[in-house]
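The values are calculated or read from the model by the stated rules, or taken from the named source; none is laboratory data. Predicted model, so just to flag it, every value in this text is computed and none were measured. Glycine gets a Cβ as well: all are built from the backbone with ideal geometry, and neighbour counts include every protein chain shown. Please note that ligands, DNA and RNA were not included when accessible areas were found on the heavy atoms of the full protein model with its side chains. Shrake-Rupley method; radii C 1.70, N 1.55, O 1.52, S 1.80 Å.
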Amino acid sequence: QVQLVESGGGLVQPGGSLTLSCETSPPTFSTHAIGWFRQAPGKEREFVAAISQYGRNTPFADSVRGRFGISRDYATMIWLEMSSLKPEDTALYFCAASSELTSLVSGSVEYWGRGTQVTVSS
């Protein structure tokens with residue numbers, strides 16, 4: 001059983017930056033790939049970014065590549081660094097975990113967090 005708790009959401013102006021955090025319990029550095037998904041009102045949940053066990057692979061959705069970064073420490077923390085934010089990035093952002101990176105990216109998620117809201121607006 002893996003628990004995930006997101007933090008760091010908020011209101012930011014277009015063009016601004018924001019970093020989301022995800023804390024896992026227990027540590028997942030060597031056991032689980034961790035990813036971020038988002039869901040905007042009236043839309044389906046979509047994949048944003050992920051990081052594999054040991055941090056070796058970091059796939060991104062086309063819509064955020066070059067603007068978002070993802071990293072993790074050697075224990076429990078994963079960060080989603082978001083820059084050049086756009087109004088269309090507004091969504092509820094979820095942290096997710098799976099034992100296989102490819103499964104995670106495809107949406108086959110074993111564990112979900114409850115989400116943190118990001119609103120991009122002037």
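Take residue 108 and decide whether it is of a type outside the set (Asp, Glu), under 18 Å from residue 4 (Cβ atoms) and without any contact (Cβ under 8 Å) to a residue 12 or more places away in the chain. Please lay out each step first, then the result.
Values: of a type outside the set (Asp, Glu): yes; under 18 Å from residue 4 (Cβ atoms): yes; without any contact (Cβ under 8 Å) to a residue 12 or more places away in the chain: yes.
So residue 108 passes the test.
Within the range 1-31, the set of residues being assigned to a strand (DSSP E or B) and either of a type in the set (Ser, Thr, Tyr) or open to solvent by 30 Å² or more (accessible area, probe 1.4 Å) (or both) comprises 3, 5, 7, 11, 18, 19, 21, 23, 24, 25. Among what's in the range 109-122 and is in a strand (DSSP E or B) and under 22 Å from residue 29 (Cβ atoms), pick the residue that is most open to solvent (accessible area, probe 1.4 Å). Here the answer is 112.
What is the residue count in the range 77-108 for residues that are open to solvent by less than 30 Å² (accessible area, probe 1.4 Å) and closer than 19 Å to residue 28 by Cβ?
Here the count works out to 9.
Flag set for residue 30, criterion: among the hydroxyl-bearing types (Ser, Thr, Tyr) and more than 19 Å from residue 117 (Cβ to Cβ). When we screen 83, 103, 108, 30 for residues that are closer than 21 Å to residue 8 by Cα and not acidic (Asp, Glu), the only hit is 83.
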